[in-house]
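Take a look at the structure set out below.
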Amino acid sequence: MEEVIILGTGIGGCTAAIYTARADLKPLVISGHEDGGQLTLTTDVENFPGFPEGVQGPELVARAKKQAERFGARFDYDFASGIEKKEGHIEVTFESGKVLETRTLIIATGASARWLGIESEAKFKGRGVTTCATCDGAFFKDKEVIVVGGGDSAMEEALFLTKFCTKVTVVHRREELRASKIMQEKARKNDKISFIWNSSVDGIYGEKVVQGVKLKDVKTNEITDFPCDGVFLAIGHIPNTKFVVGKIDVDELGYIKADRFSHTNIPGVFAAGDVQDTRFRQAITAAGSGCMAAMEAEKYLVELE
Ligand code: NAP
């Protein structure tokens, strides 16, 4: 029987691991398919307090993991496929077939990139269509690409891609960006970045790899061909909560419903990070909620005794 199992090794899960490890609860932290979470797919993090020069996302999360290990957190890899509330404990089932029992569970499974859901997208996945500029940007040296989306991620990806690409076009479905002012300004000031407004990607074409997209003007429904070598999607994320549906309350978008103390509807089960955050979704808020979930788990264990 574990005292604490933490699902997810993003900054929320790692912070929960630091706190529960320092409370001598020897947490077992299990990473899913995306070890380190979204920060591993980003570059400069300029708004995490304590790093006046900024810090690389992968470095930040790697350091947090090391910090948790220093206090006795154990890290493992598996993929949670279900949970079950039992008398005085929670049972977690994994894809490997493993079943673990724990007195408290902190769910910090984060969120994964959203895809457009159009047929041609599947055909060109890994052949020019991707959701990660930091992973795949270097493959597009001296090429022309589009970035779909109007949020901070889209601006960040577009700016990063200008290091490699000759031209980056942001395609957004409205004529107003959702991104923060500072990110908008950075993107607008960059000569290599241009914008196509009120447009969605209706199709992707090419022989073996992407050669262009079919853009639909959402106001006139007119469709035009737009030649490009790559399509970077930055259209938000979907919370990783499939394995809890029916067991833990989630909202209409699939985010775990947690109260302001990180409690879910099941006593002993807490949620931290993007998996329960419909509003802020920042590295610092994920870390903060990881701390809260850990402290509440500790309190719950004391009360249980
Ligand atoms: P987001 O803020 O939810 O933006 C998603 C963008 O994609 C929106 O512009 C949205 O359009 C568009 N979109 C959604 N579904 C679409 C679809 N099916 N087809 C076409 N466009 C679609 O997501 P995000 O940019 O990933 O950011 C998530 C959070 O992380 C935010 O809180 C953001 O501030 C934070 N973040 C911060 C930084 C930073 O500070 N440097 C960097 C990255 C992310 P609409 O605008 O029309 O809805």
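Averaging the sequence gap over all C-alpha pairs within less than 8 Å and six or more residues apart, then dividing by the number of residues, gives the chain a relative contact order of 21 percent. Remark: the GLN211-LYS125 segment gains 29.6 nm on full extension, using 0.36 nm per residue and subtracting the alpha carbon distance.
Cross-link reach is defined here as a Cα-Cα straight distance under 26 Å, omitting same-chain residues fewer than 8 places apart; for LYS208 the lysines meeting it are LYS123, LYS125, LYS141, LYS143, LYS163, LYS167, LYS216.
Each label was represented as a point 7 Å from its Cα along the Cα-to-Cβ direction; for ASP249 and ILE284 these points are 3.0 nm apart. From its DSSP helices (H runs of at least four residues, each -39,500 (n - 2.57)), the chain gives a residue-normalised ellipticity at 222 nm of -7500 deg cm²/dmol. Just round it to a whole percent: the fraction of Cα-Cα distances in the stretch 4-67 exceeding 16 Å. Value for the stretch 4-67 (Cα pairs over 16 Å): 45 percent. PHE261 contributes an accessible area of around 100 Å² to the protein surface, as traced by a 1.4 Å probe with all chains present.
Between CYS132 and ILE196, the simple spin-label model (points 7 angstrom out along Cα→Cβ) gives 2.6 nm. Near the amide H of ILE196, within less than 5 Å, lie the amide hydrogens of VAL170, VAL171, HIS172, all on another chain or at least 5 residues away, with H placed in the peptide plane. When only the Cβ of Lys, Arg, Asp and Glu is charged (+1, +1, -1, -1), the dipole of the stretch 206-279 relative to its Cα centre reaches about 200 debye. Take every DSSP beta bridge whose two residues both sit in the chain; close to 45 percent of them are antiparallel. Working note: Karplus 6.51/-1.76/1.60 with θ = phi - 60° gives the stretch 217-230 the couplings 6, 6, 8, 9, 6, 6, 10, 10, 7, 10, x, 6, 9, x Hz, where Gly and Pro are set to x. Spin-label model, VAL302/SER96: points 7 Å from Cα along the beta carbon direction are separated by 3.3 nm. Among LYS299, LYS66, LYS192, the sequence by solvent-accessible area, most first, with a 1.4 Å probe is LYS66, LYS299, LYS192. Applying a 4.7 Å Cβ-Cβ cutoff to the chain leaves CYS14, CYS165, CYS228, CYS291 as cysteine residues with no disulfide-compatible partner.
Only loop residues by DSSP count here, and only those with at most 12 other Cβ atoms within 10 Å; note down the trypsin sites (Lys or Arg not before Pro) in the stretch 221-267 that meet that. Before the final figure, lay out the partial values.
On the way: sites: LYS242, LYS247, LYS257, ARG260; in loops: LYS247, LYS257, ARG260.
Loop-located and lightly packed - ARG260.
If you wrap the Cα atoms of the stretch 231-305 in a convex hull and average its projected area over all directions, you get 5.9 nm². For the listed peptides 212-222, 167-177, a ranking on the average number of other beta carbons within 10 Å per residue, highest first, reads 167-177, 212-222.
Indicate the gyration tensor shape class of the stretch 14-115 (rounded, prolate or oblate), computed on the Cα atoms with a ≥ b ≥ c the square roots of the eigenvalues: a/c under 1.5 is rounded; otherwise a/b larger than b/c is prolate and the rest oblate. In terms of gyration-tensor shape, oblate. Taking the square roots of 5 times each eigenvalue of the Cα gyration tensor of the chain, largest first, gives ellipsoid semi-axes of 39, 20, 17 Å.
For LEU28, LEU304, the ranking by accessible surface with the largest value first comes to LEU304, LEU28, using a 1.4 Å probe.
Rolling a 1.4 Å probe across all protein chains gives SER81 an accessible area of roughly 60 Å².
The values are calculated or read from the model by the stated rules, or taken from the named source; none is laboratory data. Computed from a predicted model, the values in this text were never measured in an experiment. No Cβ is skipped: glycine too gets one built from the backbone with ideal geometry, and neighbour counts run over all protein chains shown. Heavy atoms of the whole protein, side chains included, go into the accessibility calculation; ligands, DNA and RNA do not. Shrake-Rupley method; radii C 1.70, N 1.55, O 1.52, S 1.80 Å.
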